[in-house]
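Rule-based calculations on the coordinates, nothing more; no lab input. Because the structure is predicted, anything quoted here is derived from the model rather than measured. Cβ coordinates were reconstructed from backbone atoms using ideal geometry, including for glycine residues, and neighbour counts include every protein chain displayed.
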Amino acid sequence: MFRTELAVVGAGPAGLSAALAASECGVDTLIVDNGSTPGGQLVKQTHKFFGSKAEHAGTRGIHIARLLAGELQRSPQVEYWSESTALGYYEDQVLLVEREGRAHAVHCDALVVATGAAERHMVFPGNDLPGVYGAGAVQTLMNVHGVKPGERVLIVGAGNIGLIVSYQLLQAGVRVAAVVEASRYIGGYAVHASKLRRLSVPILTSHTVKEAHGHEQVERATVWQIDETFTGVPGTEIEFEVDVICLAVGLSPVTDLLCQIGCKMKYVPELGGYVPIRNENMQTTRSEVFVAGDASGVEEGSSAMLTGRLAGYAAAAYLGKCPDFQNKRAECQRALDALRAGPSGQKVRAGLSVVVSMEAGTC
Amino acid sequence: MRIERHPILTFTKGAKVQFYFEGEPLEGYEGEPIAAALHAAGIRCLRHSPVRNRPRGFFCAIGNCSSCLMVVDGVPNVRVCVEKLRAGMDVRRQKGKGDLNVSD
């Protein structure tokens, strides 16, 4: 059996940050990730991040992935298993991992679950046609593999992801027919929306997809206006000749592993779905299990790095290896509070207020 | 449908290789996901669904959603959005749940 002090599931911004923080405290760490390169979804983020310098503000996601991967390589205490899938975690603190077609048992004294989030789908006739793609899939195809997702795209959702992906499509030489948004307001930052408007991409608020048409793949989309009860208004239909409908309608935390472990979960719409109850140190109701990043509630890359670092330090403290934990914790928390401040952080703050609980363990 | 020029990104690719889609030869780059090679060749319909025989493509492109299952070298239920392309692969659209080829 492979033994490690700390096992981290997921090598995205949260998992990498957790592993680096723990190793900084002298904790032997194993990261298990199903991707082939470290960085998780950072590897397709060509835009520059916001936030503060400590979270690499002003740096493109792809470069942050390389920075974190470089730090990982320089940390002799961190072992990294790529293309490895965590299958389950059991009472005797054994994490079962599939790697190269074999099951490996990993015994760990503490575990950080940083499994990220998955894209949401949306209900409309024809939503299963080839060409209805998640925004992340569009980014993966064009920004990682260099393949255009189509010739002309309809974007659904005017949050930051929808707006950023629209701009990235234009950069890749793909036309964007329009961005439709069910809400009356553009959810993403004005700076992203303005970029699109300068390039004459219409952003239609109070509009959604009525139907996708096509034989073997998307050939056309019908969009219509919706009223204040989100009901379609007959007679307002607009037809778009598009071969891709790109859904940027939010993410849900990937929490299968946490559920299997038996961590107490709670449905919190503001955080994207079921998330584990935890204390302010990211410790779940199972005392040796910590959570980080989008798996703890959907936010963004910068906050994932911070909750990751916090979980890494907290796991180290749990293992008795982080004497300066209170200061490190306060530093992470200050940065998180700054990211979550203001009107754009209101939803996350509301979600956290019901899920961060002393019901979870105390390290 | 490959991106030729990009203001930020450069794409490093493996060797150009031939593979087969429904028996027809196609070209792609070694090591890229099979789905990327197919998409670059204009192929988006990857399988037909078990109950209503509906065409399906990929959705998540990172191996989570199982929308892209194809038969690769005779093995069904391969997630082609993450399975890496190799020279000579035999890639076929999956019909329904796919048949397991059990020899013993």
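Mind checking which lysines have their Cα closer than 25 Å to the Cα of B:K97? Skip sequence neighbours fewer than 8 apart in that chain.
Partners within reach: B:K84.
Hey, what angle do you get for helix A:160-171 against the long axis of chain A, alpha-carbon based, 0 to 90 degrees rounded to 10?
The answer is roughly 70 degrees.
What longest region of chain A stays clear of trypsin sites (Lys or Arg not before Pro) that DSSP places outside H, G, I, E and B and that have at most 13 other Cβ atoms within 10 Å?
Details: sites that count: A:R74, A:R184.
The segment A:185-363 is the longest one with no such site.
Can I get the semi-axes of the range A:121-247's equivalent ellipsoid? Compute them from the C-alpha gyration tensor as square roots of 5 times the eigenvalues, in angstrom, largest first.
Numbers: eigenvalues 88, 68, 27 Å².
Semi-axes, largest first: 21, 18, 12 Å.
Compute the semi-axes of the equivalent ellipsoid of chain B, taking the square root of 5 times each eigenvalue of the Cα gyration tensor, and list them largest first in whole Å. Intermediate values should be presented prior to the final figure.
Working: eigenvalues 122, 51, 28 Å².
One finds semi-axes of 25, 16, 12 Å for chain B.
Could you work out the mean count of beta carbons from other protein chains within 10 Å of each residue's beta carbon in A:125-131? Can you show the working numbers first?
Details: counts 0, 1, 1, 8, 6, 14, 4.
Mean number of neighbouring Cβ atoms from other chains: 5.
How large is ³J(HN,Hα) for each residue in the range B:38-52, as worked out from phi by the Karplus curve 6.51 cos²θ - 1.76 cosθ + 1.60 (θ = phi - 60°), to whole Hz, x for Gly and Pro?
Each residue of the range B:38-52 in turn: 5, 4, 4, 8, x, 9, 10, 7, 9, 6, 10, 5, x, 8, 9 Hz.
Charges at C-beta only: +1 for Lys and Arg, -1 for Asp and Glu. How large is the resulting dipole of the protein assembly as shown about its Cα centre, in Debye rounded to 20? Before the final figure, lay out the partial values.
On the way: 47 positive and 48 negative charges, 199 e Å.
Taking the Cα centre of the protein assembly as shown as origin, the dipole is about 960 debye.
Nearest 10 degrees, 0 to 90: what angle lies between the long axis of helix A:301-318 and the longest principal axis of chain A (Cα atoms)?
20 degrees
Using alpha carbons only, how many angstrom separate the centre of the range A:76-91 from the centre of the range A:240-269?
What the calculation gives is 22 Å, centre to centre.
How large is the direction-averaged shadow of the alpha-carbon convex hull of the range A:220-273, in nm²?
Details: hull surface 24.1 nm².
Over every viewing direction, the Cα hull of the range A:220-273 projects on average to 6.0 nm².
Would you work out which of A:G262, A:C322, A:V123 lies farthest towards the positive end of the dipole of the protein assembly as shown? Charges go on Cβ: Lys and Arg +1, Asp and Glu -1.
Highest projection toward the positive end goes to A:V123.
In the range A:187-279, how does Rg compare with the Kirkwood Rh, expressed as the Rg/Rh ratio over alpha carbon atoms? Don't jump to the answer; show the numbers that get you there.
On the way: Rg = 18.6 Å, Rh = 16.8 Å.
Ratio value, two decimals: 1.11.
Place the peptides A:221-231, B:72-82, A:17-27 in order of packing, highest mean first, counting for every residue the other Cβ atoms within 10 Å and averaging per peptide.
Working: A:221-231: 15.6, B:72-82: 18.6, A:17-27: 25.8.
Sorting A:221-231, B:72-82, A:17-27 by mean packing, highest first, produces A:17-27, B:72-82, A:221-231.
Using a Gaussian network for chain A with springs between C-alpha atoms less than 10 Å apart, which of these wobbles most: A:E299, A:E119, A:E216?
A:E216
Quick check for me: using +1 on Lys/Arg Cβ and -1 on Asp/Glu Cβ, what's the dipole size of the range A:106-238 about its Cα centre, in debye to the nearest 20?
Numbers: 10 positive and 11 negative charges, 117 e Å.
So the magnitude is around 560 debye.
Helix A:61-73 sits at what angle to the longest principal axis of chain A, using alpha carbons and giving 0 to 90 degrees rounded to 10?
Roughly 20 degrees between the two axes.
Have a look at A:C246, A:N143, A:T208 and report the one farthest towards the positive end of the charge dipole of the range A:121-247, computed about the Cα centre with Cβ charges (Lys/Arg +1, Asp/Glu -1).
Selected residue: A:N143.
State the antiparallel share, in %, of DSSP beta bridges confined to the protein assembly as shown, rounding to the nearest 5.
Numbers: 48 of 86 bridges.
Roughly 55 percent of the beta bridges in the protein assembly as shown run antiparallel, per DSSP.
Sequence-distant or interchain residues sharing an amide H contact under 5 Å with A:A118, placed H: which?
Answer set, sorted by chain and number: A:S252, A:V254.
Determine the equivalent ellipsoid of the range A:68-148 by diagonalising the alpha-carbon gyration tensor, then write out the semi-axes as square roots of 5 times the eigenvalues, largest first, rounded to whole Å.
On the way: eigenvalues 218, 76, 30 Å².
After scaling each eigenvalue by five and taking roots: 33, 20, 12 Å.
Can you give the relative contact order of chain A as a percent, counting alpha carbon pairs under 8 Å and 6+ residues apart? Kindly include the intermediate steps, with their values, before the conclusion.
On the way: 872 pairs, mean separation 70.7, N = 363.
Computed value for chain A: 19 percent relative contact order.
Could you work out [θ]222 nm for chain A from helices alone, using -39500 (n - 2.57) per DSSP H run of at least four and dividing by all its residues? Round to the nearest 500 deg cm²/dmol. Kindly include the intermediate steps, with their values, before the conclusion.
Details: 9 runs with 100 residues, N = 363.
Result for chain A: -8500 deg cm²/dmol, rounded to the nearest 500.
Can you tell which of A:P234, A:P202, A:P130 shows the greatest fluctuation in a Gaussian network model of chain A with Cα springs below 10 Å?
Maximum fluctuation in the GNM of chain A, among the listed residues, is at A:P234.
Apply the Karplus curve 6.51 cos²θ - 1.76 cosθ + 1.60, θ = phi - 60°, to the phi angles in the range B:69-77 and return the couplings in whole Hz, x for Gly and Pro.
Result, rounded to whole Hz: 5, 10, 9, 10, 6, x, 9, x, 6.
Taking only pairs that are 8 or more places apart or on different chains, how many Lys pairs in chain A have Cα atoms under 23 angstrom apart?
9
Could you grab the Rg to Rh ratio for the protein assembly as shown? Cα atoms only, Kirkwood for Rh. Intermediate values should be presented prior to the final figure.
Numbers: Rg = 22.3 Å, Rh = 23.0 Å.
Result: Rg/Rh = 0.97.
When the expected Rg is taken as 2.2 N^0.38 Å, what fraction or multiple of it is the alpha-carbon Rg of the range A:1-118? Intermediate results must be reported in sequence, preceding the final value.
Details: Rg = 14.3 Å, N = 118, 2.2 N^0.38 = 13.5 Å.
Rounded to two decimals, the normalised Rg is 1.06.
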